[in-house]
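Written out below as structure tokens is the structure these notes cover.
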Amino acid sequence: MRGLTRRWVLAAAAGEAPAELASLHLPPLLERILLSRGLTDPRAVQHFCEPRLTDLHDPSLMPNLDLAVERLIDAVRGDRSIVIYGDYDVDGIAATSILFHVIKAVAPEADVRRYVPHRLEEGYGLNAEALKKIRAGGTDLVITVDCGVTAPAEAQLAREIGLELIITDHHHLPNGEDKLPEALIVHPRLPGSEYPFGDLCGAGVAFKLAWRFATAWCGSQRVSECLQKILLEMLPLAALGTIADVVPLVGENRVITSFGLRLIKQTSLPGLRALIEASDLMGGNIDSEKVGFILAPRLNACGRMGHAAEAVRLLTDAAPEEAAPIARRLAQLNRQRQRTERTIFEQAARRAEDAGMTGGNKRAIVLADTAWHPGVVGIVCSRLVDRFGRPAVLMQRHGELCKGSARSIDGYSIHEGLLACAEHLTTFGGHDMAAGLTLPADRLHAFAEALIAHANERITVEQLTPELRIDCDASLLELDFPTVKRIIALSPFGRANRRPAVRLQGATLLEAPRQIGAHGRHLSVRFRQDEGGCRRVMRGVWWGAGSRAADLAPGMHLDAVIEPKLNEFNGRVSVEAEIRDVMVKEA
């Protein structure tokens with residue numbers, strides 16, 4: 001099925017609900033949504049709808065985690081110098097901050113430093129020169145967060161210079177156990193792992209390590225009241241990393257994010273509070289969208305446009321009087337990042353179209369330019385994927401090297417694509433949806449051809465039209481306040497737990513759509529649906545569809561895919577529809 005803008009994919013009919021679900025007294029529409037997502041067991045439904053901290057798995061189940069905790073405790077008690085080496089994105093910043101706070105909570109005098117590489121000067125992950133400087137500065141132990149599992153050469157160097165190395169990571173493992181770094185590795189998907197959940201982000205792994213560190217330090221599964229408070233304070237940081245890294249918001253990630261978002265505005269961390277205040281978010285509810293589109297970009301902007309060390313400082317040991325100016329600087333950097341992003345996106349979109357990379361014959365975009373900011377190309381990749389519905393790789397060409405980022409679509413692993421083209425690459429790493437890479441400039445053309453050929457084999461022409469997944473059919477009469485409130489409570493929404501979308505069949509437009517917003521970019525629509533002798537009228541907003549106003553006229557019959565919303569205005573709450581797409585049935 002195709003609407004005006006998307007390819008509609010209706011979830012397979014789930015059949016009859018198991019009789020046991022009746023005990024939960026769910027609204028029929030909510031029940032159908034859950035069934036369409038494979039949630040049929042009453043216990044699983046209850047865990048999904050009411051996540052609890054007790055649903056988190058025992059950290060000790062993670063490979064090598066207990067051994068890493070022992071070494072960390074020995075280092076703290078032995079007054080050894082420790083460096084937490086983190087990635088420069090939100091996940092790495094959050095992971096670094098979590099481990100720092102918990103170590104400092106149990107041992108305020110511990111010599112714990114933080115190191116985040118410069119994105120442009122040092123690049124992603126463990127850096128040989130950085131390790132040498134860290135060792136020269138008197139450090140005995142380096143523990144990585146959100147990086148390191150693809151750095152065998154750097155691990156070898158650490159051993160040679162007498163630096164103990166613990167790696168904690170979540171990224172794809174290199175092919176073959178013999179290619180793993182020779183170091184103590186904490187990773188939920190190590191070969192032979194029995195850890196029940198493999199999709200934690202770097203901050204999630206760091207939180208598990210910090211939790212076990214606290215219990216081991218106390219010699220009991222029950223930690224002191226002070227440490228319990230600190231661990232709860234870390235959940236908002238873990239939620240930031242989980243949302244920003246776009247890992248699936250199911251299982252443990254759902255628990256961490258649910259509780260992290262509930263606690264985020266109560267934080268006593270001066271830096272996090274300053275960031276929230278500088279983002280004008282103290283007044284309302286902070287959900288996954290506000291983290292993904294407001295808070296996370298500000299933290300990321302620091303690493304993209306400069307050095308992420310300032311963002312790490314904000315979330316670790318910045319005093320209250322320092323935190324507010326830092327948060328304001330991050331907001332300023334983010335505005336600069338937005339301007340740069342717009343310029344690169346316009347250039348890249350034009351070049352992709354001119355190169356024939358937006359049609360059916362070339363199902364991936366691969367471009368490089370000397371003027372493109374390497375810290376911003378990843379975000380532009382995401383925008384190109386949204387616009388053209390295909391994987392995108394953008395790089396800055398600097399001298400003899402091209403360096404940049406890749407993003408993908410559901411159903412195509414960009415990591416597998418890069419692996420298939422590894423002969424052309426100097427370095428690469430990441431996961432199914434996002435990756436980073438470096439290659440010699442003289443291999444750019446060959447790499448582009450190889451990746452496009454790989455994508456052409458694995459991506460159908462149909463997949464190039466952006467997909468709109470629909471949970472089930474619904475009627476306007478079902479969208480009452482209590483039901484919609486229960487549907488919204490399925491949050492936090494994100495990857496693998498998208499916002500529920502339902503199809504309304506046989507709706508009728510009551511009047512011409514009204515263009516709203518700056519330059520009339522959006523549409524306000526009123527439609528009705530008749531069922532069983534009853535009529536229900538609802539208002540809907542279709543964001544970014546202002547140009548579609550001429551396609552819709554009063555009296556048209558259409559099917560619409562909507563997300564149910566609650567709108568509060570002047571103290572009154574009403575049910576509204578956020579329109580995702582429409583299909584005109586008859587004029």
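Some notes on this structure:
- Taking segment 214-333 and the helices (runs of 4 or more DSSP H) fully enclosed by it, the elements with 2 or more residues that are of a type outside the set (S, T, N, Q) and under 25 Å from Val112 (Cα atoms) are at 225-244, 270-278, 296-305, 309-315.
- Residue tally, condition crowded, with 24+ Cβ neighbours inside 10 Å and touching a residue at least 40 places away in the same chain (Cβ under 8 Å), over segment 256-268: 2
- Considering segment 94-199, there are no qualifying strands (runs of 3 or more DSSP E) wholly inside with 3 or more residues that are modelled with pLDDT under 95 and buried (at least 19 other Cβ atoms within 10 Å of the Cβ).
- Contact map, segment 323-340: residues that are farther than 13 Å from Pro297 by Cα paired with residues that are open to solvent by 70 Å² or more (accessible area, probe 1.4 Å), Cβ distance under 7 Å, separation 6+ or inter-chain. Pairs shown: Ile326/Arg313.
- Of the residues contained in segment 22-41, none is found to be surrounded by 16 or more Cβ atoms within 10 Å (Cβ to Cβ), touching a residue at least 40 places away in the same chain (Cβ under 8 Å), closer than 30 Å to Gly137 by Cα and under 25 Å from the mean Cα position of the chain (by Cα).
- Residue identified as more than 26 Å from Pro28 (Cβ to Cβ) and either open to solvent by 50 Å² or more (accessible area, probe 1.4 Å) or among the hydroxyl-bearing types (Ser, Thr, Tyr) (or both) among Ala512, Ala441: Ala512
- Meets criteria (of a type in the set (Ser, Thr, Tyr) and in a strand (DSSP E or B)) for Ser491: no
- Sole residue being within 30 Å of Arg254 (Cβ to Cβ), open to solvent by less than 60 Å² (accessible area, probe 1.4 Å) and touching a Leu at 6+ places or on another chain (Cβ under 9 Å), chosen from Met538, Met556: Met538
- Filter pass, Pro564 being part of a loop (DSSP other than H, G, I, E, B) and either touching a residue at least 24 places away in the same chain (Cβ under 8 Å) or closer than 21 Å to Arg2 by Cα (or both): no
- Scanning segment 386-408 for residues that are open to solvent by 20 Å² or more (accessible area, probe 1.4 Å) and within 14 Å of Ala364 (Cα to Cα) yields Asp386, Arg387, Phe388, Arg407.
- All of (1) closer than 21 Å to Arg495 by Cα; (2) crowded, with 18+ Cβ neighbours inside 10 Å hold for Glu341 with one exception: (1).
- Residue in segment 477-486 that is within 22 Å of the chain's Cα centre (by Cα) and buried (at least 16 other Cβ atoms within 10 Å of the Cβ) present: no
- Filter result (small (Gly, Ala, Ser) and modelled with pLDDT of 95 or more) within segment 433-473: Ala441, Ala446, Ala448, Ala450, Ala453, Ala455
- Any hit, segment 54-69, residues being over 30 Å from Ala183 (Cα atoms), open to solvent by less than 40 Å² (accessible area, probe 1.4 Å) and in a loop (DSSP other than H, G, I, E, B): no
- Subset of segment 445-491 (residues that are closer than 30 Å to Ser382 by Cβ and among the acidic types (Asp, Glu)): Glu449, Glu457, Glu462, Glu467, Asp471
The values are calculated or read from the model by the stated rules, or taken from the named source; none is laboratory data. Values in this document were obtained by computation on a predicted structure and should not be read as measured data. No Cβ is skipped: glycine too gets one built from the backbone with ideal geometry, and neighbour counts run over all protein chains shown. Note: accessible area is taken over every heavy atom of the protein model, side chains too, but ligands, DNA and RNA are not part of it. Shrake-Rupley method; radii C 1.70, N 1.55, O 1.52, S 1.80 Å.
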